[in-house]
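The structure appears right after this line, and notes come after that.
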Amino acid sequence: MNTAVLQTSPQRAFAIGAPILELDSISLSFGGVQALTNISFNVLEHEIRAIIGPNGAGKSSMLNVINGVYQPQQGSITYRGDRLAGMTPTRAANMGISRTFQNIALFKGMSVLDNIMAGCSLRVNATFLETALQLPRARREEAEHREVVEEIIEFLEIEHIRKTPVRRLPYGLQKRVELGRALAAQPKILLLDEPMAGMNIEEKQDMCRFILDVNDHYGTTVLLIEHDMGVVMDLSDRVVVLDYGKKIGDGTPSEVRANQDVIDAYLGVAH
Ligand SMILES: Nc1ncnc2c1ncn2[C@@H]1O[C@H](COP(=O)(O)OP(=O)(O)OP(=O)(O)O)[C@@H](O)[C@H]1O
Ligand SMILES: [Mg+2]
């Protein structure tokens, strides 16, 4: 692992640090389908890490293991040096892991503002009763959430559509709103499953800029799945490559690009 090189990047607000997440020997199967076989890699604090690989390689399954949606049959997850007995979606949310989905998961009939506000609810501390009775902690939390949401709306430049129902927005903007919903939980680690899929070039450029800005402005660690190799090479500090559920490459974009297994399995097909 070549962290020394990464840390020398001059313009970076948050220097890349120690591993925040370590996946060790993860195996996951669904009946007879082996989705992941003995996968190990780590994610360093403040880095942008990409997972690439052909369709069905196990990329989304990997994110689902990290946020506790799937329980691997084998392997362990370590967060900031603490090895976890098992991950659940609630534990992941409490630890500051937030995500977007391969297929947009928003309340399509609700406004942009309400959708992003809903993302805050992942970290509510007030009890249901405190909220219902509008007791001080619940009121304070709601005020805090509104502040966070306003900042995100400004940050993502979606002020002009704040009241628009999500279903009326073009696809690229819906993806941006979904990023906003994930950011509303003020995550430490952001998992993005194909944030640029289906976008035109201009929308992709916008999304790239926002991902870089989130990383730079909030120091958020990003783990993203992406098919567009140009985007992956531009955006990520390090790349892990999966193929048929196995890890076949791991390194900086240029290391991965030069890896013959990766060229054969993936890049060779794409180019
Ligand atoms: N819930 C599930 N039940 C059964 N099989 C599953 C399930 N989820 C994933 N799989 C299988 O696991 C393998 C990996 O799927 P996964 O969705 O993780 O791939 P992917 O790399 O994200 O692919 P894509 O690029 O098409 O999104 C596939 O063979 C898939 O059919
Ligand atoms: Mg997928």
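The values are calculated or read from the model by the stated rules, or taken from the named source; none is laboratory data. Since the model is a prediction, treat every value here as computed from it, not as a measurement. Note that each Cβ is placed from the backbone with ideal geometry, even for glycine, and that neighbours are counted across all protein chains shown. Only protein heavy atoms, including side chains, enter the accessible area calculation; ligands, DNA and RNA are left aside. Shrake-Rupley method; radii C 1.70, N 1.55, O 1.52, S 1.80 Å.
At a glance:
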| quantity | calculated |
| --- | --- |
| Criterion: basic (Lys, Arg) and under 24 Å from Ile248 (Cα atoms) - qualifying residue of Arg91, Arg80, Arg49, Arg99 | Arg49 |
| Residue within the stretch 233-252 that is touching a helix residue (DSSP H, G or I) at 6+ places or on another chain (Cβ under 9 Å), at pLDDT below 95, outside any loop (DSSP other than H, G, I, E, B) and surrounded by fewer than 19 Cβ atoms within 10 Å (Cβ to Cβ) present | yes |
| Only listed residue being of a type in the set (A, V, I, L, M, F, W, C), more than 16 Å from ligand 2 (Cβ to nearest atom) and farther than 27 Å from Ala184 by Cβ, chosen from Phe41, Phe107, Phe30 | Phe41 |
| Test: residue in the stretch 205-213 that is in contact with a Gly (Cβ under 6 Å, 6 or more places away or on another chain), among the hydrophobic types (A, V, I, L, M, F, W, C) and under 22 Å from Ala50 (Cβ atoms) | no |
| Sole exception among (1) of a type in the set (Phe, Trp, Tyr); (2) open to solvent by 70 Å² or more (accessible area, probe 1.4 Å); (3) within 16 Å of ligand 1 (Cβ to nearest atom) for Phe107, by number | (3) |
| Residues located in the stretch 217-230, provided they are outside any loop (DSSP other than H, G, I, E, B) and either under 15 Å from the mean Cα position of the chain (by Cα) or among the aromatic types (Phe, Trp, Tyr) (or both) | Tyr218, Thr221, Val222, Leu223, Leu224, Ile225 |
| Subset of the stretch 202-232 (residues that are open to solvent by less than 10 Å² (accessible area, probe 1.4 Å) and of a type in the set (Gly, Ala, Ser)) | Gly219 |
| Qualifying positions in the stretch 31-40 - open to solvent by less than 10 Å² (accessible area, probe 1.4 Å) and either more than 9 Å from ligand 1 (Cβ to nearest atom) or free of Cβ contacts under 8 Å to residues at least 12 places away in the same chain (or both) | Ile39 |
| The stretch 185-195 - residue that is buried (at least 24 other Cβ atoms within 10 Å of the Cβ) and touching a helix residue (DSSP H, G or I) at 6+ places or on another chain (Cβ under 8 Å) and, of those, modelled with the lowest pLDDT | Pro195 |
